[in-house]
């Protein structure tokens, strides 16, 4: 089987291997176990790979380099127009040559691919919509257009669209799905306990950008400490807000309470989850927030905003706490849980039991079904 992947994810090349953002690549490597040949249509840059990158584990890769583009301003949009002919040609040719077409959405490449796949109604196709599928969510017009095309069974035929969460009034194309990080053999029956007079660990994992709202995690920690002094926050990730966060930590004398670790590999992140009590993600928008699902796998109680499928993940609050984004109220809710160890243990156990259903083994079995003729 020849699979064509069309994605906006930026790649690098080193030692004849193609690298990209590790969670995406690890997921795609599951798909590639069932491919004899692979075509990738994506941007590629000369930068070196980082600690959060991984490479495709496949011996027969035909990489079709295209230019990265943006539609965020008139100038960028005008520049993109001149790039479109080559990008469209490469996507169309890859779709024509493939036995199975796989789209990664939402994104600029995903939008073009959504339109071009219309011309291949009989070819087996899948699309992974990794963003928020909530029909009521406020999103850019390009995201809404991709969702409309994918949900339209007249324009989009012979395709399974994998989305996060279960939503009403969806077409037969749409299949609620999930993602996974850990295998069955990694499962552990962890029983986490908490005590207000022992060190309590809170964890933030994600890009240091406005959408992920790491500053709120810091301010939440700062407010919680007014009642529970034995609490620390560890932050993993990089981004343009790092300097701002460092300045805030310095000015507010929080150096002893907050550690910025930067980007780290999967093994270090795993240990951090295992040692933490809470995983916090005050995000403005999500698809399937991996940091939340991964933390829950190790018994962390999630503190998250009620976006996308998060309410289902947290069982409407039985497996975690919804952040109201009012720091005093949220701190009071967290402190109340800290001061009630039995309630914490109940949520921690429920979080672990739910997340440990979604293993890599289960994920691979579901992918195999999708690729069966």
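Checked against the criterion of being within 21 Å of residue 352 (Cβ to Cβ) and touching a strand residue (DSSP E or B) at 6+ places or on another chain (Cβ under 8 Å), the candidates 297, 322 yield just one match: 322.
Filtering 235, 268 for residues that are under 22 Å from residue 53 (Cα atoms), modelled with pLDDT of 95 or more and crowded, with 18+ Cβ neighbours inside 10 Å leaves a single hit, 235.
For the range 47-72, give me the residue count where each residue is assigned to a loop (DSSP other than H, G, I, E, B), touching a strand residue (DSSP E or B) at 6+ places or on another chain (Cβ under 7 Å) and more than 17 Å from residue 94 (Cα to Cα).
Just the residues of the range 47-72 that are assigned to a loop (DSSP other than H, G, I, E, B), to begin with: 47-52, 56-60, 67-72.
Filter once more, so that each one left must be touching a strand residue (DSSP E or B) at 6+ places or on another chain (Cβ under 7 Å): 47-49, 52, 56, 58, 60, 67-68.
Add one more test, that the residue is more than 17 Å from residue 94 (Cα to Cα), and what stays is 47-49, 52, 56, 58, 68.
Of the residues in the range 47-72, 7 are assigned to a loop (DSSP other than H, G, I, E, B), touching a strand residue (DSSP E or B) at 6+ places or on another chain (Cβ under 7 Å) and more than 17 Å from residue 94 (Cα to Cα).
In the set 175, 123, 168, only one residue is in contact with a strand residue (DSSP E or B) (Cβ under 7 Å, 6 or more places away or on another chain), assigned to a loop (DSSP other than H, G, I, E, B) and within 29 Å of residue 361 (Cα to Cα); that residue is 123. Scanning the range 1-31 for residues that are assigned to a strand (DSSP E or B) and under 18 Å from residue 44 (Cβ atoms) gives 4, 5, 6, 11, 12, 13, 14, 17, 18, 19, 20, 21. Residues in the range 280-293 that are crowded, with 24+ Cβ neighbours inside 10 Å and closer than 19 Å to residue 359 by Cα: 289, 291, 292. Annotation note: of 117, 170, 97, the sole residue that is closer than 24 Å to residue 35 by Cβ and touching a helix residue (DSSP H, G or I) at 6+ places or on another chain (Cβ under 7 Å) is 117. Scanning the range 138-161 for residues that are in contact (Cβ under 8 Å) with a residue 40 or more places away in the chain, touching a strand residue (DSSP E or B) at 6+ places or on another chain (Cβ under 7 Å) and not in a helix (DSSP H, G or I) yields a total of 2. Does the range 324-335 include one or more residues that are in contact with a helix residue (DSSP H, G or I) (Cβ under 9 Å, 6 or more places away or on another chain), over 26 Å from residue 127 (Cα atoms), free of Cβ contacts under 8 Å to residues at least 60 places away in the same chain and in a loop (DSSP other than H, G, I, E, B)? For the range 324-335, residues in contact with a helix residue (DSSP H, G or I) (Cβ under 9 Å, 6 or more places away or on another chain), over 26 Å from residue 127 (Cα atoms), free of Cβ contacts under 8 Å to residues at least 60 places away in the same chain and in a loop (DSSP other than H, G, I, E, B): present. Please indicate, with yes or no, whether at least one residue in the range 73-86 is assigned to a loop (DSSP other than H, G, I, E, B) and either in contact with a helix residue (DSSP H, G or I) (Cβ under 9 Å, 6 or more places away or on another chain) or on the phi > 0 side of the Ramachandran plot (or both). No - not one qualifying residue is present in the range 73-86. Just to check your reading of the model, which residue among 39, 101 is more than 28 Å from residue 266 (Cβ to Cβ), in a strand (DSSP E or B), touching a strand residue (DSSP E or B) at 6+ places or on another chain (Cβ under 7 Å) and in the same structural domain as residue 145 (by TED's automatic domain parsing)? Every option except 101 fails the conditions. Of 351, 306, all but one fail to be in the same structural domain as residue 192 (by TED's automatic domain parsing), part of a helix (DSSP H, G or I) and under 25 Å from residue 132 (Cβ atoms); the exception is 351. Per the listing 45, 118, 52, the residue uniquely within 20 Å of residue 5 (Cβ to Cβ), buried (at least 18 other Cβ atoms within 10 Å of the Cβ) and touching a residue at least 24 places away in the same chain (Cβ under 8 Å) is 52.
The values are calculated or read from the model by the stated rules, or taken from the named source; none is laboratory data. Note that the structure is predicted; figures quoted are calculated from it, not measured. Glycine also receives a Cβ, built like all others from the backbone with ideal geometry; neighbour counts cover every protein chain displayed.
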